[in-house]
Amino acid sequence: MEEKKLGLGNVVSISVGLVVATSCLVSLGEGAGTLGVTFILAMVIAMLLNMTTIASLSELNALMPNTTGGLAQYTLAALGPFPTLISMVGGYIICNTLSCGVEASIFSFSLADIIGGNIPSIVYTLIMTVIILIANLRGVDMFAKIQDVVAFLLVGSLVVMGFIGMIGMGTGVKIDQPAVLEADFGSVASMTAVAFWLFIGAEYAIPVSKEVKNAKRNVPLGMMIGLFLIFIMQSIMVLGFHNYVEWGELADSAAPHLLYGYAVLGNAGKIWMMLVGALAVISTQNSTVNSLAVICQGMAKMNMLPKIFAKTNKHKVPWFGQVFVSVSIFIFAYVSDSSADMISFLILAGSVFWMVSYILAHVDVIVFRKRLPRAPRNFKVPCGLLFPIIGIVGTIYMILNISTDPQERLMLWLLTGCSFLILGIYSAIWIKVKMKMKVFKSVPLEKVMAMENDLYYEIRRKRGLWK
């Protein structure tokens, strides 16, 4: 029997590395620029709500420990194919390509700002997207061996830069501005949706649970410690912002890490933050193109997407999924190119998609607690259904208060509402016509577990159930 090699520290490292990205700095800049240092209170609320989600997903993983589909399989067994398909396409595919597109836009803006000249910033995004796509189509997992190094450089740089700014030891000129802009509960609570983006993604450490020693304790604890460390790091950055960057400039910047780096250490700080941020974006886009194409391939095998997503090229990679994801990323990058307002808008839109998937995770826990109360679980969310309910209520509150601007909030509701409506129509038709399953009938847990085996799909095809 192979010995498990990963410990608590590895889970913490994975969680932090997966969460922290340059797009987080846009949300951090917007929140701090709106509230001042009291944005830290909004971060506390968002962190605690994300911890309830981590707990729910950990219980679901304990109930179905050998599945690789994550939320898709949990929801399929709890609620049926309709919410599963919507959550996968909306919460995974759209949300990830959107956020990666925003990351690419920040990268191109940063590079154009450093290099100068008349080359449009979107050109840099196009070049990066094409190179990464070609490499992945040839079966080359770019930067696979330096993903951890890139994450360490980004996190380490933010901690160092934040600490230098917090203690006022930068070479730039310190500024005098009020620490607090807004302090009432309503203002703080309304910014939790912005803070929410700072903590998204820690649950992607769950798939490594099979390799973790004492996974029952170390996986959920490691993810929660990771969220707390991210909170500390981002709080240090906010305090550094206060000493060196005008709040208004921070809120309006499309690349606040460059603005802050220049304010603290001049051109050296600006270039430093650009290089580390660029590596992080390239690494993130590479991972997104690779992993989302595999997810789409798996969904095609389950007959949840057109068969073309399952086809592979001579290098045995799902070529159509990689092309589809790359084009989607570029479209979102083009839409948000060099626009701080559009970048912030798309981040909030992505947050709504992700929030819906988190709500489904809590609902899945509640359903399984009622349907399978005695099923073995090596981890259970404490205090009964209290934390899942708090997670649902808190997340719905964030969706209803997704922006402090009423017009922007309405546009976000319209965008996500129309997206889910279109997804709902597609899902209902696809499930009835192609999958030949009842739209809302949950699939038995053991049957979902059986879907891990390729023979399951072959048998259904031979019986004419799937075409």
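The values are calculated or read from the model by the stated rules, or taken from the named source; none is laboratory data. It should be emphasised that the depicted structure is a prediction, and the values quoted were computed from it without experimental measurement. Positions of Cβ are generated from backbone atoms using ideal geometry, with glycine treated the same way; all protein chains shown enter the neighbour counts.
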task = From the list Gly201, Gly186, pick out the single residue that is free of Cβ contacts under 8 Å to residues at least 40 places away in the same chain and out of contact with any Pro (no Cβ under 6 Å at 6 or more places or on another chain).
result = Gly186
task = May I ask you to list the residues in the stretch 380-425 that are free of Cβ contacts under 8 Å to residues at least 60 places away in the same chain, part of a loop (DSSP other than H, G, I, E, B) and touching a helix residue (DSSP H, G or I) at 6+ places or on another chain (Cβ under 7 Å)?
result = Leu385
request  = For the stretch 83-142, name all the residues that are within 17 Å of Ile295 (Cβ to Cβ) and aromatic (Phe, Trp, Tyr).
outcome  = Tyr92
message = So in the stretch 115-147, with the set limited to residues that are outside any helix (DSSP H, G or I) and β-branched (Val, Ile, Thr), which one is modelled with the lowest pLDDT?
response = Val140
task = Report yes if Ser56 is within 21 Å of the chain's Cα centre (by Cα), under 26 Å from Met273 (Cβ atoms) and not in a loop (DSSP other than H, G, I, E, B), otherwise no.
result = no
Subset of the stretch 362-409 (residues that are of a type in the set (S, T, N, Q) and closer than 20 Å to Leu71 by Cα) = Asn378, Thr395
ask   = Does Leu455 count as in contact (Cβ under 8 Å) with a residue 24 or more places away in the chain and either surrounded by 15 or more Cβ atoms within 10 Å (Cβ to Cβ) or not in a loop (DSSP other than H, G, I, E, B) (or both)?
value = no
message = Need the failing condition index for Phe309 against (1) modelled with pLDDT of 90 or more; (2) under 23 Å from the mean Cα position of the chain (by Cα); (3) not hydroxyl-bearing (Ser, Thr, Tyr), just the number.
response = (1)
message = Being at negative phi and crowded, with 22+ Cβ neighbours inside 10 Å: is that true of Leu154 here?
response = yes
